[in-house]
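Structure, as structure tokens:
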Amino acid sequence: MKHILTLFVLTFNLSVSAQSAKYAGDYEVRYETDKGEVIEYTLSLQTNGMFLFHFYRHLGKAKPEENYYGRGKWNDDKNLISLYTDVKNDIDDTHTLNFNNSKARIISKSPRDKSTKIIKEAILFYSSEIPWVKRMKLTKKNE
């Protein structure tokens, strides 16, 4: 009985980590104008359950470059991603963004869709306490 319970726990842990690895990777969106103004968002979902977020903005020579960072833990439930920031450990002088209560969904082609259309995998935020993060869509980088 003890061996069966151990086998069950190991199998469960492997299935949970395999699910997280499915969505792990780097997601980004970049906007650039003809004047050289740049706004870039990058989200890295790591296989160990941690995430890193970077916001970069450069609005021309008259304005200084801006960088904002966030970090914390993430988990998934089917195709929904939840981000959590531990205020005591993840917030510091560099990482100032608090992603608590941030939720997103994964956009990808359904396995039942047998058409030839190409849908790039992306993450779309639908809930966040950071106002400019809501409705943000980041496309997964090719690896």
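Among the residues making up region 27-44, those that are in contact (Cβ under 8 Å) with a residue 60 or more places away in the chain and not charged (D, E, K, R) are TYR27, VAL29, TYR41, THR42, LEU43. With respect to GLU32, determine if the residue is over 16 Å from SER127 (Cα atoms), in contact with a His (Cβ under 6 Å, 6 or more places away or on another chain), exposed (fewer than 13 other Cβ atoms within 10 Å of the Cβ) and of a type in the set (Asp, Glu). No; evaluated as a whole, the condition is false for this residue. Restricting attention to region 51-74, the residues that are surrounded by 14 or more Cβ atoms within 10 Å (Cβ to Cβ) and either part of a strand (DSSP E or B) or at pLDDT 95 or above (or both) total 15.
The values are calculated or read from the model by the stated rules, or taken from the named source; none is laboratory data. Predicted model only: the values in this text are computed from it and were never measured. So basically every Cβ, Gly included, is an ideal-geometry build from the backbone, and we count neighbours across all protein chains shown.
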